[in-house]
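A quick write-up on the structure given underneath.
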Amino acid sequence: MHNIAILGAGIAGSYLAKRLSEKAGVQVFEKSRGASGRLSTRRGEEFTFDHGAQYFTARAEQFLLFLAPYLKSGLIQGWSPKLITLGNGRSYKRQWFEPHFVAVPGMSAWIKEMAAPLPVHFDCTIHSAERRDAKWFLHDSREQIHGPFEMVLSTAPAAQTAALFPTLAAPLAGVRMQACYAWMLGFEQRTVAWEAAVVQNSPISWLAWNDTKPGRGGPPALVVHSRNDWAQDHLEDPSESVQSELAQALSECAGIDPSQARFSQLHRWRYASTATDLGKPYLLDLASGLAACGDWCLQGRVEGSFLSAYQLAEFLLQGFD
Ligand SMILES: Cc1cc2nc3c(=O)[nH]c(=O)nc-3n(C[C@H](O)[C@H](O)[C@H](O)COP(=O)(O)OP(=O)(O)OC[C@H]3O[C@@H](n4cnc5c(N)ncnc54)[C@H](O)[C@@H]3O)c2cc1C
């Protein structure tokens, strides 16, 4: 039986593990306490926020087929918010022209269900990997060693994958990922009619009332996302100064005063979205038993991550026959 280690329990890692465990022994290593990666949901007091991915679209047939049972069970549902564009002192209604999906009751619920039957080591950060006698051994931050593994598949963001596996650094050098600040604000009441807003000409790019998404409810919970290039320029700024700039922008674009919030928490995503992708579905070095995949291979985003993992799984499963 092939013995495979997978780094990361986001959509790419969880899907790979689910598929490969049909024909291989699989262990997943995840540095967080739960599965979901950037499809995450955070609770703060009585408020709930999807502070990573807000929704996803599905265009490829393979992705639509994969989603079908989750759509049937209601774990994935369509989302059609009252949507507007804000910016330059103007606002106007807008519409989406294709289905937008969310997991219910939070974005993380989908990946948590996918990962539930899988052997995942949570709270386990892999900080180095060692190749010995044609096998891989993984060292975690608690000085535990895991292995031997015939193959390691990394779904960590490109820069983190390159740091762990220096032989992949050259092919990954062209991949560029950008940051995003997510500011989570909990209010007594919602003072605007819109449920989500695309924001232009502002440090803010997106606003969503999380409680209005399907199956959520609870008190008004606003997710504020910064623009990626703005976050990149302010990556090392103190959080007070980031919040103060975002507060001014929020007041200017939406007339919302964050000092009225009962709950406030800022999260910095260092590797949120993909500005330049790898341009192919995955990286594979069969001779050294190493592969990498994820959203940064194919256009970023949830569907890109799925397709990257799907194509790597298809290729590897052929070789396992
Ligand atoms: C703020 C924000 C907004 C977004 N909005 C959207 C959107 O609206 N629509 C959309 O389609 N996409 C959106 N995205 C992108 C989407 O979330 C990602 O494309 C997708 O979730 C990536 O999944 P993944 O499995 O490839 O990577 P990840 O979800 O990042 O999974 C990688 C996992 O690896 C783990 N890991 C990393 N290093 C190690 C290590 N050394 N040891 C152990 N574990 C490790 C991480 O903890 C993580 O769980 C957004 C992302 C962010 C952050």
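Quick notes
- Some residue of region 23-46 being closer than 21 Å to Phe320 by Cα, out of contact with any Pro (no Cβ under 9 Å at 6 or more places or on another chain) and in a helix (DSSP H, G or I): no
- If you go through region 15-34 and keep only what is within 12 Å of the ligand (Cβ to nearest atom) and under 22 Å from Ile145 (Cα atoms), you end up with Ala17, Gln27, Val28, Phe29, Glu30, Lys31, Ser32, Arg33, Gly34.
- The set of residues in region 35-56 that are away from the ligand (no atom under 13 Å from the Cβ) and of a type in the set (Val, Ile, Thr) contains only Thr48.
- Looking only at residues in region 105-130 that are out of contact with any Leu (no Cβ under 9 Å at 6 or more places or on another chain) and part of a strand (DSSP E or B), the one that is surrounded by the fewest Cβ atoms within 10 Å (Cβ to Cβ) is His121.
- Scope region 100-114; condition near the ligand (Cβ under 10 Å from one of its atoms) and either under 12 Å from Ile6 (Cα atoms) or β-branched (Val, Ile, Thr) (or both); matching residues: Val102, Ile111
- Of all the listed residues (Gln95, Gln62), the sole one being polar (S, T, N, Q), touching a residue at least 60 places away in the same chain (Cβ under 8 Å), surrounded by fewer than 19 Cβ atoms within 10 Å (Cβ to Cβ) and more than 13 Å from the ligand (Cβ to nearest atom) is Gln62.
- Residue count for region 286-310, restricted to those that are away from the ligand (no atom under 13 Å from the Cβ) and polar (S, T, N, Q): 1
- Gly304 out of contact with any helix residue (DSSP H, G or I) (no Cβ under 9 Å at 6 or more places or on another chain) and on the phi > 0 side of the Ramachandran plot: no
- Only residues that are under 28 Å from Phe315 (Cβ atoms) and either among the charged types (D, E, K, R) or modelled with pLDDT under 95 (or both) were counted in region 26-53, giving 3.
- Members of region 54-109 found to be modelled with pLDDT under 95 and on the phi > 0 side of the Ramachandran plot, listed by number: Gly87, Asn88, Gly89
- Consider region 274-284 and keep the residues that are of a type in the set (Ser, Thr, Tyr) and assigned to a strand (DSSP E or B). The one that is farthest from the ligand (Cβ to nearest atom) is Thr276.
- Residue within region 167-184 that is among the basic types (Lys, Arg), in contact (Cβ under 8 Å) with a residue 12 or more places away in the chain, part of a loop (DSSP other than H, G, I, E, B) and more than 12 Å from the ligand (Cβ to nearest atom) present: no
- Residue match in region 146-166 (condition: within 30 Å of Pro238 (Cα to Cα), of a type in the set (A, V, I, L, M, F, W, C) and either away from the ligand (no atom under 14 Å from the Cβ) or assigned to a loop (DSSP other than H, G, I, E, B) (or both)): yes
- Test for Leu7: is it farther than 18 Å from Ala292 by Cα, within 8 Å of the ligand (Cβ to nearest atom), of a type in the set (A, V, I, L, M, F, W, C) and in contact with a Ser or Thr (Cβ under 8 Å, 6 or more places away or on another chain): no
- Every pair of residues 6+ apart whose Cβ atoms lie under 9 Å, when the first sits in region 234-259 and is among the hydroxyl-bearing types (Ser, Thr, Tyr) while the second is surrounded by fewer than 17 Cβ atoms within 10 Å (Cβ to Cβ): Ser251/Asp257
The values are calculated or read from the model by the stated rules, or taken from the named source; none is laboratory data. Given the structure is predicted, the values throughout are model-derived calculations rather than measurements. For neighbour counting, all protein chains shown are included, and Cβ atoms are generated from backbone atoms with ideal geometry for every residue, glycine included.
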